[in-house]
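Taking it in order: structure first as structure tokens, then the write-up.
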Amino acid sequence: MEPQVLLDLKNVNKVFGNNHVLRDINLQIERGKFITFLGPSGCGKTTLLRSIAGFYTVDEGEVWIDGKQVNDLPPYKRGTPMVFQEYALFPHMTVFDNIAYGLDIKKRPEEEIEKRVKGALAQVKLTGLEGRYPHEMSGGQQQRVAMARALVMNSPIILLDEPLSNLDAKLREEVRVELRGIQQDLGLTVIYVTHDQLEALSMSDYVVVFNKGAIDQYGTPHEIYYEPRTQYVADFIGTTNFIEATVLEHNEREALVSYGKETPTKVLAKVLVNKGEQVLLSVRPESLRINHPDGGEFCIRATVKSSMFLGEKERYFLEDNAGKEWIVDAYDIGQTHYTGEVVITASADKLHLIKKNND
């Protein structure tokens with residue numbers, strides 16, 4: 001039986017000059033999962049991807065792939081084909097020859113090469129285009145060729161470095177669905193680098209959020225979005241409302257918190273807190289409701305300042321009596337348009353407690 005953990009990173013560090021780019025990275029990735037490295041430019045996500053591929057040598061720590069330590073192995077011996085942002089296709093080669101390049105280097109039999117290349121072409125929906133050259137293809141087609149070149153190697157891990165960033169919005173969405181479909185159909189292990197939150201949340205089994213060379217959180221898209229562990233993650237992923245609060249009581253699972261002059265509220269607490277500690281509550285705009293008849297444990301009065309139509313929802317911008325700004329998403333479009341003074345409510349399970357300034 002194959003080991004479930006395919007990639008194991010142990011205390012990985014990388015330094016460029018005075019810049020500590022990767023800080024004590026510890027991460028285990030299971031076979032057959034789609035993992036996204038997410039973060040802003042310069043956070044270390046691409047450096048880690050290249051370190052896994054072998055293009056960079058880590059300064060400290062160990063890289064294990066499929067039960068073998070690969071620190072000293074060159075890229076071509078690691079079995080980690082990489083799809084680059086620029087696609088890196090050979091302009092003088094046909095689509096077929098581009099895809100077959102890695103197999104040619106390994107001196108595979110011609111019969112095997114033809115069979116595997118045709119299979120990869122079918123997987124990325126490019127059958128019949130094998131005789132074309134890169135300049136004769138659209139950006140989306142070139143991206144598919146790059147993906148096919150990785151697929152044809154039958155490698156345990158495929159690495160993708162922002163492969164969709166050069167495509168327009170509609171094509172990005174189409175290729176995003178195709179990539180996820182290929183990964184699920186073939187049971188591939190994919191590590192995908194992006195700064196696009198929508199890509200990360202919509203494609204991944206797990207998301208790794210990077211902050212200044214370190215991992216701030218590793219979890220499912222739902223956990224990353226609704227249960228951020230740090231202020232950085234809550235602020236970086238999507239839009240949220242922060243509420244400054246004080247811990248009045250706490251146990252292993254819950255904390256009773258107060259905020260402003262409102263009635264204390266009991267919320268889930270997945271981080272260790274102390275009595276009297278100043279914390280933040282994070283609540284997403286879609287988790288708040290305006291003038292809802294059922295109310296909720298969280299309740300505050302505010303005044304609508306403006307609104308914005310966003311297709312499936314209306315986004316409201318409000319201000320409470322203390323001058324704090326709020327963002328609320330309402331989905332009852334066409335039924336009610338809110339103006340003036342309103343009541344914002346939420347159930348307590350929508351309030352997520354995090355530590356302040358934990359970045």
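No lab work stands behind these numbers, since they all come straight from the coordinates. All values derive from a computational prediction rather than experimental measurement. Every residue, glycine among them, receives a Cβ derived from its backbone with ideal geometry; neighbour counts consider all protein chains shown.
Odds and ends about this structure:
- Helix 139-151 vs. the chain, principal-axis angle (Cα, 0 to 90°, nearest 10): 70
- Structural descriptor for the chain: relative contact order 15 percent, calculated from alpha carbon pairs under 8 angstrom and at least 6 residues apart.
- For the chain, built as a Gaussian network whose Cα springs stay under 10 Å, the top-fluctuating residue of GLN217, GLN28, GLN123: GLN28
- Contact order normalised by residue count of segment 93-248, Cα under 8 Å, 6+ apart, percent: 16
- Computed helical MRE - 222 nm, the chain, DSSP H runs ≥ 4 contributing -39500 (n - 2.57), nearest 500: -7000 deg cm²/dmol
- Between SER138 and ALA348, the contour length at 0.36 nm per residue exceeds the alpha carbon distance by 70.6 nm.
- A convex hull fitted to the Cα coordinates of segment 203-359 yields 131 cubic angstrom per residue.
- With all pairs of different C-alpha atoms in the average, the Kirkwood value for the hydrodynamic radius of segment 1-110 is 15.8 Å.
- For the options VAL343, VAL95, VAL328, a Gaussian network treatment of the chain with springs between C-alpha atoms closer than 10 Å singles out VAL343 as fluctuating the most.
- For segment 289-305, Karplus couplings with θ = phi - 60° (6.51, -1.76, 1.60), whole Hz, Gly/Pro x: 10, 10, 6, 7, x, 7, x, x, 5, 8, 8, 7, 8, 8, 10, 5, 9
- Amide H contacts of GLN85 (H built 1.01 Å from N, under 5 Å, at least 5 apart or other chain): ASP161
- Within the set [x] 1.27; [y] 1.08; [z] 1.18, the number that Cα Rg over 2.2 N^0.38 Å takes when calculated for this structure is listed as [z].
- Per-residue ³J(HN,Hα) for segment 28-33, Karplus 6.51 cos²θ - 1.76 cosθ + 1.60, θ = phi - 60°, Hz, x for Gly and Pro: 10, 10, 7, 4, x, 9
- Computed with the Debye formula from one identical point scatterer per Cα of segment 81-233, without solvent, the log10 of I(q)/I(0) at q = 0.11 Å⁻¹ comes to -0.46.
- Residues whose amide H lies under 5 Å from that of ALA269, counting only those 5 or more places away or on a different chain, are GLU254, ALA255; hydrogens are built 1.01 Å from N in the peptide plane.
- Counted without the sites themselves, the longest stretch of the chain free of GluC sites (Glu not before Pro) in a DSSP loop having at most 11 other beta carbon atoms within 10 Å is 1-251.
- Furthest towards positive pole of dipole, HIS292, LEU167, ASN251, structure part the chain, Cβ charges: LEU167
- In sequence order, calculated HN-Hα J values of segment 113-123 (Karplus, 6.51, -1.76, 1.60; Hz; x Gly/Pro): 4, 4, 5, 6, 5, 5, x, 5, 4, 5, 4
- Each of ASP8, ASP349, ASP168 was scored by other Cβ atoms within 10 Å of its Cβ. Listed from fewest to most, they are ASP168, ASP349, ASP8.
- Amide H contacts of ASP216: VAL209, PHE210, ASN211, each under 5 Å away and 5 or more positions distant or on a separate chain (H built 1.01 Å from N in the peptide plane; Pro and chain starts excluded).
- Packing-based exposure ordering (other Cβ within 10 Å, fewest first) of CYS299, CYS43: CYS299, CYS43
- Rounded to the nearest 20 debye, the dipole size of the chain about its Cα centre is 520 debye, using +1 on the Cβ of Lys and Arg and -1 on the Cβ of Asp and Glu.
- Taking HIS337, HIS135 and counting other C-beta atoms within 10 Å, the order from fewest to most: HIS135, HIS337
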